[in-house]
Amino acid sequence: MHVTDTSKLYASHPHLARIDKMWGTAQCRDYITQLLTDTRNGERRGFDPDHASTILKLLFEHDRAFPEHDRDHNGAWWLNELARREE
């Protein structure tokens with residue numbers, strides 16, 4: 001299970017709690033990525049900054065824990081950057 005605090009995100013967007021059920025799967029990564037992508041030709045209002053930040057943290061955490069599901073980059077570039085900053 002993820003460690004990112006999702007309580008405020010799920011309180012505002014209860015349907016996003018499905019992330020917990022999908023956690024650790026390629027479908028979860030695809031879902032999180034889709035949340036951060038405009039798929040409505042500019043018509044999507046988007047998440048407020050705090051919720052967008054939480055979703056991005058979930059993506060980072062998922063990619064770190066399950067790099068085999070990162071089909072976009074075959075090892076996200078930001079993992080190296082995060083590791084460097086944590087040293």
Output for Cβ contacts, cut-off 6 Å, separation at least six or different chains, first residue of a type in the set (D, E, K, R) in segment 25-36, second surrounded by 16 or more Cβ atoms within 10 Å (Cβ to Cβ) and part of a helix (DSSP H, G or I), reads ARG29/HIS62; ARG29/HIS69
Pick from segment 25-52 the residues that are among the basic types (Lys, Arg) and surrounded by 11 or more Cβ atoms within 10 Å (Cβ to Cβ): which of them is farthest from THR6 (Cα to Cα)?
-> ARG44
Residue count, segment 29-63, condition at pLDDT 90 or above and either among the basic types (Lys, Arg) or touching a strand residue (DSSP E or B) at 6+ places or on another chain (Cβ under 6 Å) (or both), comes to 2
Only helices (runs of 4 or more DSSP H) wholly contained in segment 1-40 count here; list those with 1 or more residues that are of a type outside the set (A, V, I, L, M) and touching a Leu at 6+ places or on another chain (Cβ under 8 Å).
-> 7-12, 26-35
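The values are calculated or read from the model by the stated rules, or taken from the named source; none is laboratory data. All values derive from a computational prediction rather than experimental measurement. Neighbour counts run over all protein chains shown; Cβ positions are idealised from the backbone, glycine included.
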